[in-house]
Amino acid sequence: MAEPTKTYHAALLEALTDPREGVAYLAEALKESEELFLLALHNVAEVYGIAEAAEEERRRSHRVLRDTAGTVNPSNINKRLL
């Protein structure tokens, strides 16, 4: 039986474990567009576990800033900053 092939995303992440590949990938994405660069940056961050940590921090921040209705309230932001 043939081995299952990797998905493109899995192969990309494996290639990005080489820092030189990551730098080249980001440089090429930046030449194309800001949107593509941000996607590339997310992929590189995923390789190094940064994406998960950033997502957890975002969720934690939203929990702190939500009002009782569950929406982010600008006045809560001011209260937390002052």
Exercise. If you check 51, 27, which single one turns out to be free of Cβ contacts under 8 Å to residues at least 24 places away in the same chain and in contact with a helix residue (DSSP H, G or I) (Cβ under 6 Å, 6 or more places away or on another chain)?
Worked result: 51
Exercise. Do we find that residue 14 is at pLDDT 90 or above and touching a Lys or Arg at 6+ places or on another chain (Cβ under 8 Å) in this structure?
Worked result: yes
Seminar exercise, completed: Condition set outside any loop (DSSP other than H, G, I, E, B) and among the small types (Gly, Ala, Ser), scope the range 49-60, selection nearest to the chain's Cα centre (by Cα): answer is 51
Problem set entry | All positions within the range 30-48 that are more than 9 Å from the chain's Cα centre (by Cα) and without any contact (Cβ under 8 Å) to a residue 12 or more places away in the chain | 30, 31, 32, 33, 34, 35, 36, 37, 48
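The values are calculated or read from the model by the stated rules, or taken from the named source; none is laboratory data. If you're wondering where the values come from, they're calculated on a predicted model, not measured in any experiment. A quick note on method: Cβ atoms are made from the backbone with ideal geometry, for glycine too, and the neighbour counts reach across all protein chains shown.
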